[in-house]
Amino acid sequence: MRRVHYPSKRHHNQPLYPMQQHADLPPIIAGPILRRVTRDQLVLWVATSSELSMSLCLYRHTDQHCFFKGDIGDFSPPPVRIGEHAYIYLIDFKPQDPFPAEELLQYDLLFHNGQEESSLVDCMSHIVYEGQSRPLFVVKPVLDHILHGSCRKPHDPSKDALLRIDNELATTVTKPEKRPALLMMTGDQIYADDVGGPMLVAIHQAAAKLGLFKEHLTGAVVADSDQLLASKFCYYKREELLPHNKETKNLRDRFFGGVRKPIFTTASAHNHLVTLAELAAMYLLIWSPALWKYVDLDSGDIPEGNREQYKTESKDVGAFAEGLGNVQRLLAHMPTYMIFDDHDVTDDWNLSRGWEEVAYEHPFSRRIIGNALIAYFLFQGWGNNPQQFEGVFLEHVHDCFHEPGGEKQDALINYLLKFEAWNYSLPTKPKMVVLDTRTNRWWSESSLTKPSGLMEWEDLSELQQELMHQPSVLLISPAPIFGVKLIEVVQRIITYCGHPLVVDAENWMAHPGSANVILNIFRHRHTPKNFVILSGDVHYSFAYDVKLRYRRNSPNIWQITCSGFKNEFPHRLLRWFDRANRWLYASRSPLNWFTRRRKMRIKARRPDNHDARQLVNESSVGRVRLNEQGEPTEISVLPGRGGEVKFYAQQ
């Protein structure tokens with residue numbers, strides 16, 4: 001194996017660029033976020049305002065004994081500098097001896113400035129829970145208690161359900177047996193395509209404060225990021241930024257035009273994030289309160305016709321920002337894993353072969369998609385399994401930020417668009433397998449407009465091999481494998497009429513090839529006995545018990561969906577779908593024989609907050625408790641408003 005040399009050859013304590021820390025900025029602008037945690041690895045993600053000299057310290061909680069202290073530059077990759085005052089660190093520590101399981105441990109980051117030394121609590125006192133001096137973590141090889149969810153939109157009027165996790169940890173942080181093993185974020189951690197006006201104003205002010213790098217733009221009516229900010233189309237009118245000619249009309253309609261979706265919702269692309277600086281600032285603003293003190297939402301240059309909307313959205317964005325200190329605290333204590341869905345990049349991302357051909361052939365839309373993938377790597381993907389991104393991958397990243405905004409950025413985008421290893425797994429019991437259902441699609445052979453399968457045949461074959469002879473598995477699929485059948489039928493009808501973009505026709509059953517293969521995996525005799533599928537995407541929550549028909553030894557399958565953290569489905573419309581789906585597609589309904597799931601018997605669990613409904617439409621965090629065999633003993637959601645809704649199996 002060849003030795004990899006990063007473009008920046010320097011000792012960790014030597015700044016990449018000789019400059020002083022911005023006097024007005026705190027040293028940590030986001031994080032620390034506890035990411036991959038196993039007995040053999042501890043990964044922390046941190047964003048700082050300058051290149052810092054840092055040491056990682058680890059302690060036993062019982063006697064406060066420090067059993068490790070080391071300069072992070074000795075075992076972690078160099079930071080990525082994304083702006084004049086913005087650095088991304090991934091601290092990747094592998095202990096000589098495995099971490100103890102089910103035991104409280106503490107970590108700290110020490111910042112060195114000459115002879116002075118400060119800790120995390122010195123820099124941000126709110127990062128620990130009451131009575132504690134450092135953040136705590138527990139290594140749980142057995143997944144007995146999982147939290148999960150998706151879809152967090154700052155300007156949505158619902159409550160941020162992540163605050164429920166912080167409330168839970170406040171009472172269980174020193175009780176390893178009661179703490180969740182991990183938090184799984186199943187997609188749409190940001191909405192790059194659906195951004196409130198106040199959020200975009202905050203993004204621009206934060207980007208300016210940090211000096212995030214500018215970039216040139218090709219194929220747009222604005223030449224660079226400066227012209228984008230100065231444009232009269234900057235706020236609420238970004239669909240106008242693509243060239244207005246016949247050749248690009250299809251692109252404007254499909255990618256950037258706010259396509260009307262009368263069945264479900266209206267796509268809101270009017271503030272679509274474009275530049276890498278905008279995307280980076282978005283992440284920093286949703287993970288941490290640090291930059292919000294520099295934001296003035298009253299200073300935005302908002303078009304006259306959008307000012308009432310802006311005023312309404314400002315209240316919701318302001319309430320969102322108020323809770324970020326608690327969100328930052330929970331993320332410092334809870335092992336957190338992430339995977340993208342479409343809104344992390346753009347709505348309908350890779351929906352069909354036709355969509356891909358239009359979007360990737362135009363330099364401007366290709367840059368927008370590529371920027372979102374770069375940001376996903378830096379803020380989400382890197383911490384899931386750092387080994388997947390070593391070597392050439394990191395070389396491309398460092399090259400890009402040594403010459404930001406030009407050819408090196410395009411070279412990184414080209415590399416990312418060909419990258420095929422966003423999926424990952426955890427060596428836990430049960431094994432957790434996280435699927436990439438976005439970048440390697442199974443194209444329709446009959447039509448450019450028909451929805452692509454969520455995974456290619458080759459990837460599904462590799463998935464089957466990974467699952468072989470596992471007694472149980474926790475399978476993470478951003479979109480539910482077994483969804484609400486009536487909604488899938490509506491999507492299929494409108495897709496048949498040639499309009500898949502109108503209804504987000506992205507479900508496993510929309511493509512016959514991927515549907516048949518994934519169902520065959522469940523039917524294979526050597527794949528797991530117990531499948532627990534965690535999903536998000538749909539903006540409501542439900543739980544199904546699934547069995548194979550006519551099989552004496554059917555595997556046990558549970559489809560558990562929680563969505564969103566801060567997003568809800570139109571309430572009146574979902575009540576109608578819920579009622580009609582129960583009438584038309586009950587487990588004994590003959591209509592099931594006309595579906596691709598006809599060999600499966602699916603029973604919906606009933607939430608205990610209502611006698612009849614099967615769907616819960618509240619911003620929530622999902623909770624699943626598992627026994628030693630990987631079977632759910634309790635399925636529930638924790639709504640942002642409080643309380644707990646449990647799903648009970650039907651007899």
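The values are calculated or read from the model by the stated rules, or taken from the named source; none is laboratory data. None of the values given here were measured: they were computed from a predicted structure. FYI the Cβ positions are ideal-geometry reconstructions off the backbone, even for glycines, and counts take in every protein chain you see. The area values use the complete protein model at the heavy-atom level, side chains included, leaving out ligands, DNA and RNA. Shrake-Rupley method; radii C 1.70, N 1.55, O 1.52, S 1.80 Å.
For segment 281-435, pairs of C-alpha atoms spaced more than 28 angstrom apart make up 38 percent of the total.
Explain nothing, just the number: relative contact order of segment 505-651, from Cα pairs under 8 Å at least 6 residues apart, as a whole percent.
Result for segment 505-651 is 24 percent.
What the pair-distance distribution of segment 18-170 shows, using all Cα-Cα distances binned every 10 Å from zero, is 9, 35, 36, 18, 3 percent.
Between residue 403 and residue 649, residue separation times 0.36 nm minus the direct Cα-Cα distance comes to 82.9 nm. Of the beta bridges in the chain, as assigned by DSSP with both residues counted there, near 75 percent are antiparallel. For an R0 of 35 angstrom, estimate the FRET efficiency from the Cβ-Cβ distance between residue 392 and residue 428 and round to the nearest 0.05. Here the calculated transfer efficiency is 0.75. Available extension along the chain between residue 446 and residue 174 is 92.2 nm, counting 0.36 nm per residue and deducting the alpha carbon span.
Straight-line reach from residue 214: taking Cα to Cα under 20 Å and skipping same-chain neighbours fewer than 8 places apart, the lysines in range are 232, 408. Percent of C-alpha pairs per 10 Å bin in segment 533-651, short distances first: 13, 43, 34, 9, 0. A Förster radius of 30 Å, combined with the Cβ-Cβ distance separating residue 125 from residue 312, puts the computed FRET efficiency at roughly 0.35.
Of the peptides 296-306, 201-211, the ranking by mean beta-carbon count within 10 Å, highest at the top, reads 201-211, 296-306. One compactness figure for segment 131-172 is 1.51, namely its Cα radius of gyration divided by 2.2 N^0.38 Å. Once you divide the Cα radius of gyration of segment 331-394 by 2.2 N^0.38 Å, the number left is 1.32. With a Förster radius of 30 Å applied to the beta-carbon distance between residue 216 and residue 298, the computed FRET efficiency rounds to 0.45.
With the highest mean first, a sort of the peptides 39-45, 399-405 on other beta-carbon atoms found within 10 angstrom per residue produces 39-45, 399-405. In a reduced charge model with +1 at each Lys and Arg Cβ and -1 at each Asp and Glu Cβ, segment 121-227 shows a dipole moment near 400 debye about its Cα centre.
Ranking 167, 396, 513 by how far each Cα lies toward the positive end of the dipole of the chain (charges on Cβ) leaves 513 at the top. May I ask for the net charge around residue 286, where only other residues with Cβ less than 11 Å from the Cβ of residue 286 are counted and Lys, Arg are +1 while Asp, Glu are -1? The answer is +2. Put simply, the convex hull of the Cα atoms in segment 430-476 casts, on average, a shadow of 3.7 nm².
Ranked from largest to smallest solvent-accessible area, with a 1.4 Å probe on the protein heavy atoms, 333, 112 come out as 112, 333.
Each Cα pair under 8 Å and six or more residues apart adds its separation to the average, and for the chain the resulting relative contact order is 15 percent. With Cα Rg over 2.2 N^0.38 Å defined as stated, name the option among [x] 0.93; [y] 1.04; [z] 1.11 computed from the structure displayed. It is the one labelled [x]. Of all complete DSSP H helices in the chain, not one has a Cα span along the helix axis of 27 Å or greater and a mean Kyte-Doolittle hydropathy of -0.5 or more.
Quick check on segment 141-195: take the gyration tensor over C-alpha atoms, sort the square-rooted eigenvalues as a ≥ b ≥ c, and tell me if it's rounded (a/c under 1.5), prolate or oblate. Oblate shape, in that a/c is at least 1.5 and b/c is the bigger or equal ratio. Where only DSSP H runs of four or more residues are counted, the chain gives -8500 deg cm²/dmol as its mean residue ellipticity at 222 nm, each run worth -39500 (n - 2.57). In this simple spin-label model, placing a label point 7 Å from the Cα along the Cα-to-Cβ direction at both residue 230 and residue 167 gives a separation of 4.9 nm.
For segment 99-168, just say rounded, prolate or oblate: build the C-alpha gyration tensor, square-root its eigenvalues into a ≥ b ≥ c, call rounded for a/c under 1.5, and beyond that prolate if a/b exceeds b/c, oblate if not. The shape class here is oblate. Rg and Dmax over the alpha-carbon atoms of segment 172-225 stand at 19.1, 57 Å.
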